[in-house]
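We did not get these values from a lab; they are worked out from the coordinates using the rules stated. Since the structure is predicted, the reported quantities are computational estimates derived from the model, not experimental observations. Virtual Cβ from ideal backbone geometry, glycine too; neighbours counted across all protein chains shown.
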Amino acid sequence: MITEQERSIFSITTSIYNWVRENLFSSPLNVLITLCVFPFAFYLFISSGDWILNKAEWDAITRNTRIFLIGQYPQSELWRIGTVAFITTNLLGISWHLKGVVFQRLSLIILVPLISVILIPPIFLDISIGLRSWFALVSMGFLLGYLLSKFQNLSTRVLLVSWSLSMIIDFILLRGIEGFGALPYVSTNEWGGLLLTFFLAIIGIMLSFPLGIFLALGRRSNLPFVKGACVIFIESIRAVPLVTLLFMTLIIVPLLLPEGWRLDRVGRAIAAITIFSGAYMAENVRGGLASVPVGQTEAAKALGLGPLLTTTLIVLPQALRNVIPAIVGQFISLFKDTSLVVIVGLLDLVGIGKAVVLGNVEYIDQQAEVYVFIAAVFWVFTFSMSYVSQIIERSLGVGDR
Amino acid sequence: MSSKIDKNYHIISFEDVHKWFGNFHVLKGINITIDKGEVVVVFGPSGSGKSTFIRTINRLEEHQNGKITIDGIELTTDLKNIDAVRREVGMVFQSFNLFPHLTVRDNISLAPMKVRKWSRKEATRISDELLERVGISDQADKYPAQLSGGQQQRVAIARSLAMQPKIMLFDEPTSALDPEMIKEVLDVMKELASSGMTMVVVTHEMGFAREVADRLVMFDEGNIVESGSPEEIFENPKNDRTKLFLSQIL
Ligand SMILES: Nc1ncnc2c1ncn2[C@@H]1O[C@H](COP(=O)(O)OP(=O)(O)O)[C@@H](O)[C@H]1O
Ligand SMILES: [Mg+2]
C-alpha cells in the first residue's frame, strides 16, 4: 500500500520530472543547451549565494539603514516619516477589498520585506530596535486598515479621494510649515535616500503623466500654433539627454522665475524629470490615441457629445488602456532616472550609497555590497511596477475586444 | 403607414447641396425634402455618395454649397446649430461603434446624463426601458465585446434612442451582420418605423424597403436619379440605371 504522503511526494516528483522534460530536454538542441548552460548557472548560483551569505560585509548598510531610507532628515522629526508610512499602509489595508488584486499584491510587496526585517533575529540582521519598532508600527497600520475594511467597505470614490488627500497630507507632514512650532520646516535639501527617490518618482509621475496627455492632445490639435508648439517641445526635449536637462534647469529655472520666487534644488530636479518624462509620455499617449478608431469619435459626436466630453469620456480611456505597457515602461524608466540627480548634488538612494562608501574609511571596501543592495532595492520596485501593470492590463481585458 | 406622416412639415430639407472631397465632387446638387414621420430608404451603387449624404444630415460631413435645414435649424458653421441638430438626430453605423470600455447600460445612459443632464437614476431607468424595447434586457451589465453582432447593433439603436431624437439615420445597419442576425435588427427598425419615427435608411435590404419605406431614393454618382414609392420603384422604375441596379441586387 502507498500512503497518502508517499502518493503526494510521488505526484510532486512526477510533475517536476515532466516540467524538466518538457522545458529542458524536449529536443536534441535543448538537451545540448541545457547541458552547456547548467554547470555555469549552477556555479553562478552557488558562488553568489556564498558571497551574499559568507564573504560580503553588510554593515555599511545595516549601520546606516536610517540614512539609506531618509537621508539627512532631522532625527527629532522622525515621527513624521513614520506617520506618513503609517497612513500609506493603513490606506493599503483599507483598499484591500477593492475589485481586482492590485491592492492586495501591492500590500504584499510592501509588507513582506517589512515583516521579514522585523522578524530576522538581531544576530543575522544588525539594525536598531528603534527601526524595528517603527517597521512594526507601520505594519500595524496595515492590519488596522484591513480590519476596518472588514468592518465597513468604503466605495472606490471615497478611497480615491482619501488617497489623493493623503498625498497632500504626506507632503505637508514631510515638509512642515514655516514658523509653525509643531511641524518645523524641513528643507527638501535635507530629504535623501529612498525617501527622496520616492518623492522624485511619485511627483515626477504625477506631473509628467498629465503633461504627456496634454502634449499628445495638443499634437493632434487643428490649431496650427498649438500643434506646432507641442511638436517643437516634444521633439526638442527628446533630443536632449536628461543629464543636460538637469543641469539646465539648475541654472536656467532661477533666471526664468520672477524676482522673489525660488525653487529649491529638489524642485528644479523635479522640473527637469517632469518635462523629460512628459515628452516621452506624450509619444506613448499619441500611439494610444491613434489606436482608437474614428468611428468612436463619430458615434460620440452623433450623440451630441462635445469635443471635451468626447475626448475625456470616450477617446482617452480607450487610448490609455491600449498603451498601459508603454506608459508603465515610462514610469519605470522615470523611477530609475531619478538616480541621475546625484549629478546635481542630491543624495537620493544612489547618492547616499556613494556618500557612505566614500565618506567612511571603514566602508571603503564594501563598495560592491552597497551597490548590490541599491540594485536590489531598485529591482524590487521596478519589478513590482511592471507586475502591477500586468495585473491591471489583465483586469481591463486589453486585447480581447 | 402614411397616416403617421405629417405632410405639412418638412423635417429635413436639402436645397441644391454640393460637397467635394478635395477635387472629387461627391454630392452634385441634392434636392430632397423629407416629411415628419416619413421612412426613406436610400440605395444605389457603392461609392455613389449615400453615406456622405446621410452624414451631412448631422454634419459628420460638412457641405460646401446649398442649404440644409433640419427641424427648422439651418446647418452652418455655427456650432450652436450643429449641437442642436445632433441632439435631435440619432445615428446608427454599419460597424456599430459601441464604446468598448463601457457596459451596455453605460453606453446607453452616457449621453442622456452628460448632454441632457439627467440624473443617473433617470438615465438608468430609460436605458433599461430601451433595452427591453430592443429585446435584450438581460445583457445590460455586459460589455459590447461579449455580445453578438445583432445584439450590438440593437444596443446601438437603443443608445441613439436614449437621446429621444426626432430623426434616426441608419447607414447600412445590417451590412456587417451574419445573415441569421439581420432579421432581429430589421424587426427593431420596423417597430421604430411604425411608432412614427422619421427615418433615413441606407440599405440594400429590399424586403425591408418594400414593407416599411414610404419612399425609395436611388443615388448614382452623387445625384438622386430617381425617387418614388416602393410600388413605383419596384414595379415600374423609370431610370435605366435604377433598372440595371435593381436587376443586379434583386
Ligand atoms: N473622407 C473622404 N475623403 C475622400 N474621399 C471620400 C471620403 N469619404 C468618402 N469618399 C469618397 O466619396 C465617394 C462616396 O463615398 P460614400 O458616400 O461613402 O459612398 P457610398 O456610401 O454610397 O458607398 C467614394 O468614392 C469615396 O471614395
Ligand atoms: Mg456607404
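Mind checking B:98-111 for the average number of partner chain beta-carbons within 10 Å of each residue's beta-carbon? For peptide B:98-111, the averaged partner shielding equals 4.
Placing a label point 7 Å from the Cα of B:SER137 along the Cα-to-Cβ direction, the residues of the range B:151-172 with a backbone N closer than 20 Å are B:151-164.
A simple spin-label model places pseudo-atoms 7 Å from Cα toward Cβ; at A:VAL112 and A:LEU32 they are separated by 3.8 nm. DSSP bridge analysis restricted to the range B:127-247 gives an antiparallel fraction near 50%, rounded to the nearest 5. Its Cα gyration tensor gives the range B:32-85 an equivalent ellipsoid; the semi-axes, largest first and in whole Å, are 20, 15, 9. In order along the range A:94-106, the phi-based Karplus estimate (6.51 cos²θ - 1.76 cosθ + 1.60, θ = phi - 60°) of 3J(HN,Hα) comes to 5, 7, 3, 7, 4, 4, x, 9, 3, 5, 5, 5, 4 Hz; Gly and Pro are listed as x. Across the alpha-carbon atoms of the protein assembly as shown, the computed radius of gyration and Dmax are 33.2, 105 angstrom. Between amide H atoms placed 1.01 Å from N, distances below 5 Å from B:MET91 occur with B:LEU169, all of them 5 or more places distant or on a separate chain. Computing FRET efficiency as 1/(1 + (r/R0)^6) for A:ARG175 and B:THR77, where r is the C-beta to C-beta distance and R0 is 51 Å, gives about 0.50. Other protein chain C-beta atoms within 10 Å of residue C-beta, averaged over A:291-302: 6. Can you work out the base-10 log of I(q)/I(0) for the range B:56-110 at q = 0.18, 0.29 1/Å, using the Debye formula on its C-alpha atoms alone? For the requested q values the scattering log ratios are -0.71, -1.14.
Rank by packing, highest mean first: peptides A:267-273, A:33-39, with packing defined as the count of other Cβ atoms within 10 Å averaged across residues. Don't skip to the answer; put the middle values down first.
On the way: A:267-273: 23.0, A:33-39: 11.4.
My ranking of the peptides, most packed first, is A:267-273, A:33-39.
Where the alpha-carbon atoms of the range A:192-345 are placed on the principal axes, they occupy 55, 33, 27 Å, in descending order. Rg over Rh for the range B:57-146 works out to 1.05, both radii taken from alpha-carbon positions and Rh defined as the Kirkwood radius.
Can you show me the helix-derived [θ] at 222 nm for the protein assembly as shown, built from DSSP H runs with n ≥ 4 at -39,500 (n - 2.57) apiece and divided by the number of residues, rounded to the nearest 500.
That calculation yields -19000 deg cm²/dmol at 222 nm.
The simple spin-label model puts a point 7 Å past each Cα toward its Cβ; for A:ASN360 and A:SER47 those points are separated by 2.9 nm.
For chain B, the calculated P(r), taken from all Cα-Cα distances in 5 Å bins from zero up to the bin holding the longest distance, is 1, 6, 13, 17, 19, 17, 13, 8, 4, 1, 0, 0 percent. For the range A:1-110, trypsin sites (Lys or Arg not before Pro) meeting the loop criterion (DSSP other than H, G, I, E, B) and having at most 10 other Cβ atoms within 10 Å: A:LYS99.
The HN-Hα couplings worked out from phi for the range A:131-137 by the Karplus form 6.51 cos²θ - 1.76 cosθ + 1.60 (θ = phi - 60°) are 5, 4, 5, 4, 4, 5, 4 Hz, whole numbers, x standing for Gly and Pro.
Once Rh is set to the Kirkwood radius over Cα pairs, what Stokes-Einstein translational diffusion coefficient, in µm²/s, holds for the range A:74-186 at a temperature of 4 °C and a viscosity of 1.567 mPa s? It comes out at roughly 84 µm²/s. The distance between label points at A:MET206 and B:SER175 comes to 5.0 nm (points 7 Å beyond Cα on the Cα→Cβ vector). Two numbers describe the Cα atoms of the range A:345-395: Rg and Dmax, which are 15.4, 51 Å. What residues of the range A:318-348 lie in the reach of a label at A:VAL294, counting those whose backbone N is under 19 Å from a point 7 Å from the Cα along Cα→Cβ? So the set is A:319.
If you plug the beta carbon distance of A:ARG21 and B:GLU232 into 1/(1 + (r/R0)^6) with R0 = 56 Å, you get a FRET efficiency near 0.15.
Beta-bridge orientation, chain B: approximately 55 percent antiparallel, per DSSP, counting only bridges with both partners inside.
Mean silhouette area of the range A:276-401, derived from the convex hull of its C-alpha atoms and averaged over all directions, reads 9.9 nm². Ordering of A:202-215, B:143-156 by packing is B:143-156, A:202-215, highest average first (other Cβ atoms within 10 Å, averaged per residue). Once you reduce the range B:66-137 and the range A:247-265 to the center of their Cα atoms, the two points are 50 Å from each other. Based on alpha-carbon atoms, the Kirkwood radius and the radius of gyration of the range A:219-305 give Rg/Rh equal to 1.14. The Cβ shell under 11 Å around B:ALA123 holds other residues with a net charge of +3, Lys and Arg each +1, Asp and Glu each -1. Among the listed pairs B:LYS28/B:LYS50; A:LYS301/B:LYS166; B:LYS166/B:LYS243; A:LYS227/B:LYS117; B:LYS36/B:LYS67; B:LYS7/B:LYS166, a Cα-Cα separation exceeding 22 Å is found for B:LYS166/B:LYS243; A:LYS227/B:LYS117. In terms of overall dimensions, the range A:133-236 has a Cα radius of gyration and Dmax of 20.1, 60 angstrom. Using only Cα coordinates, the Kirkwood hydrodynamic radius of the range A:1-41 works out to 11.7 Å.
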